[in-house]
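Single-structure report; data block below.
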Amino acid sequence: ALAGAWLGFLVHNRNPARVFMGDTGSLAMGAALSAIALLSNSLWPLLLMGGVLLAESLSVILQVWVFKATKGAAGQGRRLFRMAPLHHHFELGGWGEIKVVVVFWLVSLGLVALGLLLRP
């Protein structure tokens with residue numbers, strides 16, 4: 001049922017996006033995936049499969065940490081990325097939104113395949 005709901009969301013929300021999932025949907029999705037991983041004893045493969053999501057989250061954490069750690073008297077710090085989360089870094093680097101989405105999908109596809117191979 002969850003996979004069907006997510007597929008329906010993707011199919012009916014093609015470019016240009018008209019509906020954004022937001023925190024409510026993404027937190028519910030993460031909780032459902034975590035519950036399934038717990039029940040199937042697949043927590044480590046799930047961490048690998050969610051590599052893109054992990055990279056997006058870590059990019060924000062690192063950006064804030066580096067900015068605060070390097071902040072001087074003027075209140076300006078250095079930035080690790082052009083902008084966080086990570087997909088905005090690539091967009092500001094010249095990649096189009098479609099290219100970022102396709103590359104992230106392909107990376108996710110590869111990580112999911114690897115995670116399925118490593119599943120206990």
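The values are calculated or read from the model by the stated rules, or taken from the named source; none is laboratory data. All values reported here derive from a predicted model rather than from experimental measurement. Glycine also receives a Cβ, built like all others from the backbone with ideal geometry; neighbour counts cover every protein chain displayed. Note: accessible area is taken over every heavy atom of the protein model, side chains too, but ligands, DNA and RNA are not part of it. Shrake-Rupley method; radii C 1.70, N 1.55, O 1.52, S 1.80 Å.
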Restricting to helices (runs of 4 or more DSSP H) lying wholly in region 8-111: which have 2 or more residues that are of a type in the set (A, V, I, L, M) and open to solvent by 70 Å² or more (accessible area, probe 1.4 Å)?
-> 22-39, 43-49, 51-69
Set 35, 69, 31: member being at pLDDT 90 or above, in the same structural domain as residue 1 (by the TED database) and either over 18 Å from the mean Cα position of the chain (by Cα) or not aliphatic (A, V, I, L, M) (or both) | 35
Return yes when residue 64 is in the same structural domain as residue 97 (by the TED database) and within 27 Å of residue 102 (Cβ to Cβ) and no when it is not.
-> no
